[in-house]
Structures are given as structure tokens and as C-alpha cells.
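Structure record follows, encoded as C-alpha cells.
Please treat every number below as a calculation from the coordinates, not as lab data. The model shown is predicted, which means the values in this text are computed figures rather than measured ones. Heads up, the Cβs are rebuilt from the backbone with ideal geometry, glycines too, and the neighbour counts pull from every protein chain shown.
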Amino acid sequence: MIGDVLATIGVGAVASVVFVYDVVTFPIYCLVQQPWTQIRKAKKIRARQVPSEPGRYRNYDPPTDFQLTMKRLGLDTVEKVVRYAVKQHGDKPGFGTRQVLSEENEQQPSGKVFKKFLLGDYKWTSYVEFVQLAECFGRALCERGVPSGGRVVVFAETRSEWLVAAVGAFTQNITVVTLYATLSEDAVAHGINETKVTHVITSHVLCKKLQSVLAGCDKVTHVIYMEDQLEKTDTSATKGVEMIPFSRMLKEGEQSTLESHPPTSEDIAIIMYTSGSTGTPKGVMVSHYNMVSTMTGFAVAIDITPEDVYIGYLPLAHVLELMAEMCAVMFGVPIGYSSPLTLMDKSSKVKRGCRGDCSVLRPTLIAAVPMILDRVAQGIKEQMHASGRVVQALFHWAVQYRSRWRRRGFSTPILHRLLFSRIAALLGGRVRAMVSGGAPLSEVTHDLIRSCMGASVMQGYGLTETTSCATLMDEFDVAVGRVGHPVSCCDIRLIDWEEGGYRVRDEPHPRGEIVIGGDNVTMGYFEQPEKTAEEFSEADGRRWFRTGDIGMFYPNGTLKIIDRKKDLVKLQAGEYVSLGRVESILSTSPLVDNMFVYGESSKNFVIAIVLANAKQLSMLAKEVLGGNAVGRSYEELCEMEQLEEEVQKRLAKHARHGRLEKTEIPARVGLTSVAWTPDNHLVTAAYKLKRKELSNYYKDAIQRLYK
């Protein structure tokens with residue numbers, strides 16, 4: 001109680017002083033920052049309905065000089081785009097790899113010993129050197145028996161050799177089959193066998209996992225592995241398959257005299273296996289023209305400068321990261337490679353006293369998925385919570401203050417320097433633009449990250465089936481909870497979904513299932529003609545894809561994802577609940593690391609299985625149980641019904657702040673100590689929930705909660 005009073009007094013005092021400061025300096029800020037220009041850009045109409053076709057929206061911006069240049073030069077394949085980039089950027093550093101000096105044991109305060117990396121500087125490869133390496137690798141593939149028009153699998157984590165291998169394959173019109181590094185062994189075997197490849201490209205880290213898969217992949221004759229900086233790769237376990245170091249492939253290609261066999265725009269560049277949230281992963285066939293269309297569509301949303309630097313750490317087997325890196329290549333933006341294990345100073349593999357990749361690289365551009373941004377936001381909240389109620393209250397006031405002035409067209413550089421610069425330093429301190437995709441980003445996280453980082457956080461929307469492209473916010477859009485407007489290469493059409501009650505003629509905003517049509521829509525699913533015919537179609541001279549997502553358009557032409565057909569459940573009294581929306585809002589609670597909301601049509605309420613944050617749950621246990629919490633493990637706390645009830649109360653309060661309806665708030669909560677990973681098949685390789693698998697896994701818990 002005293003803490004709350006002190007927090008209120010402290011915030012009131014600071015707000016009063018700042019109010020006086022605002023009044024005095026307002027004319028100066030107006031003259032210097034000219035906020036009316038920002039407001040005009042923020043209020044711009046970004047897309048309009050196509051005349052005479054309700055529910056269909058299009059970006060009517062005229063083509064940029066860059067887009068006209070791409071068309072004039074006939075740059076319609078990835079291979080042509082890369083060669084164009086080499087001519088433009090030549091010897092400029094383009095691709096950086098952090099040197100790993102050693103791996104050392106580090107004792108933790110708990111007494112446990114973990115292996116950590118001692119990291120050096122980035123070592124850079126120029127654009128000219130990169131394309132030479134790619135050409136060598138492509139020739140070596142042909143020398144090793146992969147024909148032009150053939151296929152190879154790339155099953156590796158994100159690193160510069162991944163892109164070298166892919167571009168090298170493109171120079172010989174070889175299709176690259178991509179598999180997530182986190183896919184289960186069954187899914188990896190499925191991708192290899194379905195595409196009938198004989199050559200697999202992997203890495204030192206994944207060799208052991210691949211070796212256990214190869215027994216069921218009888219067509220594979222060659223495995224090319226990217227070497228580790230410290231350890232020698234053990235190839236003894238692989239019998240009947242030739243193991244070839246990546247460096248040897250480059251040497252063989254350097255000695256080869258084979259000519260390139262460049263692809264056409266219609267050729268398949270990538271067969272990208274989706275993460276498979278509803279079953280076996282599907283291979284999406286992405287043509288070269290699909291990729292170039294997305295690159296030209298995305299490229300105009302951000303004003304890229306010669307000083308920009310991009311950090312690559314998301315899976316390159318994910319279409320968002322692949323297209324982000326190809327855009328960087330196109331504009332000559334250096335790509336520094338990283339991983340979630342070494343991204344920041346306190347990442348799990350960074351030795352104490354050594355700087356993480358962001359601190360060394362100091363990127364200006366970064367792509368992220370909501371799960372990562374939610375974790376960053378949760379970390380910020382935990383740090384503020386540990387600092388006391390006064391600091392916590394002042395922090396929340398500062399975030400709201402900054403958001404308010406940003407919407408008025410002003411920046412707040414002094415506040416950033418005094419308070420937020422330390423938070424921005426977590427990602428190097430220079431990030432000016434972040435693109436989020438892969439899933440909806442909660443409004444709370446969106447606003448918090450944008451305020452704390454002092455950067456534009458631009459949500460985008462797309463799918464593997466649309467080459468990651470459909471909509472993207474521009475850097476002047478200050479909205480939250482929306483995914484931007486249609487990019488120039490596609491139209492978006494809403495169609496009625498009567499079962500869910502969404503119609504194109506709804507007021508005040510048109511609503512319906514999102515259908516995407518344009519040059520970015522891919523060729524369909526590999527070896528699945530029935531599934532392709534079900535979800536893809538041709539009309540009006542365009543190729544269309546039905547997404548299954550429900551969207552709503554605002555008057556300025558921006559889109560908001562409001563539901564998903566597969567995530568909708570109808571309760572006993574007839575109310576519809578969007579499970580994904582509930583999860584998105586409640587996952588912003590500090591108590592939640594992950595959660596699964598479940599509902600049955602025979603019941604009148606939904607329930608939730610919560611993977612609680614261990615630190616927050618321990619603090620809650622001490623508060624609720626007092627001395628009874630001492631000495632209890634995380635697993636034991638998750639089994640206590642008293643804590644389940646308390647977590648439900650806290651989440652219900654959080655839900656009301658998030659404006660959830662009563663029927664959307666889980667009436668019962670079960671706690672679990674089992675982490676959800678692709679290895680136990682409870683989430684996809686992109687960490688999206690597998691609802692069927694989760695409901696089966698927690699069958700007993702669901703029955704208990706519904707009793």
C-alpha cells in the first residue's frame with residue numbers, strides 16, 4: 001500500500017515537472033521537428049478498394065525508381081538480382097561471420113557448469129567474393145552429380161554458407177529444398193524422401209541428427225557439411241553415404257570449368273517445407289519470380305541507407321528471414337550472422353565478460369517474430385518489477401508519454417537518452433527499424449518495444465504460400481495491432497465467412513477471410529495437387545491463395561488480423577471465441593512463458609494450459625503460500641491447485657485490461673512444467689502451437705479442469 005502511494009506521488013511529481021517543460025519547449029520542438037509532416041505521413045491513405053469490387057484492396061502508389069529499374073533490366077530471377085548487386089556493391093563487405101576463439105567451461109552461481117563461447121570480431125566477405133564462392137559451389141554440385149533442374153536439401157542453421165549454397169544452386173538452376181533445423185527426425189526424413197534428393201547439405205551441429213535419419217533415406221548418396229570453427233566433424237557413423245566438407249566443395253568448384261545454367265523466372269527456386277501446425281509439413285514451391293516480386297514489394301517500405309547493417313539470426317529455412325536477407329543483398333546492406341544463443345550479451349552461449357553479437361555488430365535493421373519480441377518485452381517488465389513499484393510506475397508513465405507524443409508527430413530524444421538508451425543498447429543501440437512477422441504481435445508488446453528501442457516496429461503479414469509477402473507497415477505508420485497495407489505486388493480480397501459472422505459489408509469496417517492474389521503467390525504444394533487445388537486458384541489474371549485468416553480493413557487501407565478459422569470455437573450458448581486472440585493477449589502477462597487455450601462446444605467456458613515463467617511463479621508462490629513455498633521445485637509448484645487458482649485470477653485481471661470479453665477469459669487454468677519444443681511435437685519448428693497434439697497430450701488435465 002505504501003509503495004503504491006509513493007509510486008503515485010512520484011509519478012505525479014515527475015508528470016507535473018514534465019508538463020511545465022512541455023509547455024515551455026513546445027514552440028521549439030515544433031520548429032525543429034515539424035510534427036505536421038509526420039502527422040501527414042501517418043494519416044496517408046495507404047490502399048483503396050478496387051472500384052466496383054467490395055472487399056478487394058490495392059496499393060495505388062506509383063512505382064518507384066528502383067522498381068522501374070528492376071523491370072527495365074529484366075531482373076526476374078534471384079540469380080540475376082545477385083549478379084546485379086555484385087555490380088553495384090563490388091568489394092563492399094556484405095557477409096560477416098563472428099569468430100569463435102574458444103569454448104570454455106563457466107561455473108554458474110548455482111554451481112552448475114555450462115560451456116560458453118569466447119567470441120572475437122566479425123570476419124567479412126565482399127559481394128565479389130560471395131558470388132565467386134557461390135559459383136564454385138554450384139559447379140561442384142554439378143560435378144558431384146546434381147543435374148541442372150535437379151534438387152538438393154539444405155538442412156542447416158542460419159550462417160553465411162547457407163546463403164552461399166542456395167545462391168550457388170541457383171546459378172545452375174538447381175532447386176533448394178529447405179528444412180528447419182528444429183524439425184523432428186520424422187519431418188526431416190519426410191522432406192528428404194518426398195523430394196527424392198540424393199545430396200543433402202547440412203552443418204557440423206546437425207550432422208548427428210541427420211545421421212540418425214539417413215537410415216530411412218535410401219536415395220541419399222552425398223552429405224555436404226559446413227565445418228565448425230573449433231571441432232572436427234565426426235563422419236564415422238555415416239555408412240554408404242559420402243561425407244564432403246563444404247570447403248572441399250569450394251575447392252572442387254574452383255577447379256571446374258563447367259558453365260552456369262541460369263534459371264528462368266518460372267523455374268522453382270525453393271521447395272520450402274512449412275512448419276506443419278496441422279500435420280505433416282507441406283513443401284511449398286516458390287518460383288524465382290515469386291521471390292523477386294516479394295523483394296521488390298518489400299524493398300520500398302523501408303528507406304534503406306548505405307550505413308545500414310542487418311543482423312541475421314532467424315532460421316533461413318523460414319521465408320521471412322530468407323526474403324529479408326535477399327532484400328539486404330539487393331541494396332548492399334551488410335549481413336552479420338548470429339544465433340539466438342549469441343545474440344545479446346546475456347545470451348546462453350556468451351562467456352561472461354564477452355559481448356554478444358548485437359553489441360559488436362550494432363545493427364540498424366532487424367527482423368523478428370512475435371515470440372522473440374514478447375520475450376524481450378517480458379524481460380524489460382521483469383527488470384522494472386524488480387526495481388520497485390516507484391520505478392515501475394515511472395517506467396510505465398514514460399512509455400505512455402513517449403507513445404502519446406509519437407502519435408502527435410514528435411520524437412523524444414532527451415527521454416530516450418535519459419531512460420530508454422540502456423534498453424536500446426541490448427540490441428546494440430542503433431536499431432532504427434524492426435520488421436515483425438510470422439504471427440500477430442500484441443498491441444502491448446508493439447507499443448512497448450517501439451518506445452523502448454526508439455525504432456520503427458513494422459508488422460507485416462504473409463505466408464510461405466505467398467513468399468512471406470502480403471502487407472507491411474511503413475515506418476511512418478504509428479498504429480499498433482495492425483499489419484500494414486497491401487504491398488505493390490499483390491491485391492488482398494476479403495470474402496464472407498458466414499459461420500464466424502464476418503462479412504465484407506460489415507460496418508464500420510469490412511471483415512472476412514483474407515485471400516491474397518498476385519505475383520508473390522507460389523506455385524502450390526509439392527506432390528499434393530488436391531491440396532493445391534483446394535487452396536490456390538486462378539482468377540482475373542492473378543493467382544490467389546485462401547489463407548484461412550480473418551481480417552478487417554480500416555479506412556486508410558491498413559489491415560488487422562482479427563481471427564483464424566481453425567482457431568475459432570463455438571461455446572454452448574452460441575458465443576464464438578478466438579483462441580489465438582486470447583493467447584496473444586494473455587501471453588503478454590509476465591506470468592506466462594507460453595499458453596494453450598482450449599474450448600469445447602458442449603461447455604460454456606474456455607480453459608487454459610499455462611507454461612508459467614519459473615521466476616514469476618516462484619515469486620507468486622512466496623506471496624500466496626508463504627513458508628510453504630520454501631524448498632519446492634518448479635515442478636512441484638506446477639502441481640499445486642492453489643497456485644493454479646491464483647494464476648487464473650491474475651490472468652483474468654490481465655484479460656480485462658486487454659479488453660477480453662467474459663466468455664473469452666479462461667475460467668480454469670492448469671499449470672505445466674513441460675517446455676513445448678519441436679522435439680516433443682507440441683509446437684512447430686516456428687514454435688506455433690500444434691492444437692491437436694497439445695489437446696491429446698493434456699487430455700487428462702483438460703478433463704480435470706472441465707470437471
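Quick notes on this one:
- Multiplying each eigenvalue of the alpha-carbon gyration tensor of region 226-279 by 5 and taking the square root yields semi-axes of 27, 25, 12 Å, largest first, rounded to whole angstroms.
- In terms of distances greater than 20 angstrom between alpha carbons, the cross-link table entries LYS570/LYS649; LYS232/LYS346; LYS41/LYS381; LYS219/LYS239 yield LYS570/LYS649; LYS232/LYS346; LYS41/LYS381.
- Working ranking of peptides 245-257, 424-436 by packing, defined as the average number of other Cβ atoms within 10 Å per residue, highest first, is 424-436, 245-257.
- Counted over the chain, the DSSP beta bridges are approximately 60% antiparallel.
- Efficiency of FRET from Cβ geometry, GLN572 and LYS707, R₀ 25 Å, rounded to 0.05: 0.95
- Equivalent ellipsoid dimensions for region 617-682 as semi-axes, Å, which come from the Cα gyration tensor, largest first: 23, 19, 9
- Crossing angle, helix 319-331 versus the chain [Cα axis fit, 0-90 degrees, rounded to tens]: 70
- Protection proxy ranking, peptides 201-210, 669-678, 60-69, average beta carbon neighbours within 10 Å, highest first: 201-210, 669-678, 60-69
- When each of the peptides 659-667, 547-555 is scored by the mean number of other C-beta atoms lying within 10 Å of its residues, the order from highest to lowest reads 547-555, 659-667.
- For the chain, adding -39500 (n - 2.57) for each run of n ≥ 4 DSSP H residues and dividing by the number of residues yields -11500 deg cm²/dmol at 222 nm.
- Stretching the chain fully between SER212 and SER673 yields a gain of 163.1 nm (0.36 nm per residue, less the alpha carbon separation).
- Percent breakdown of C-alpha pair distances by 10 Å bin, ordered from the shortest bin, for the chain: 3, 13, 24, 27, 21, 10, 2, 0
- One quarter of the convex hull surface built on the alpha carbon atoms of region 565-706 amounts to 8.4 nm², the projected area averaged over directions.
- Computing FRET efficiency as 1/(1 + (r/R0)^6) for LYS662 and THR64, where r is the C-beta to C-beta distance and R0 is 41 Å, gives about 0.25.
- Here r is the Cβ-Cβ distance between GLU498 and ARG407 and R0 is 45 Å; the resulting FRET efficiency, rounded to 0.05, is 0.75.
- The length gained by stretching the chain between THR8 and ALA386 to full extension, at 0.36 nm per residue less their Cα-Cα distance, is 134.3 nm.
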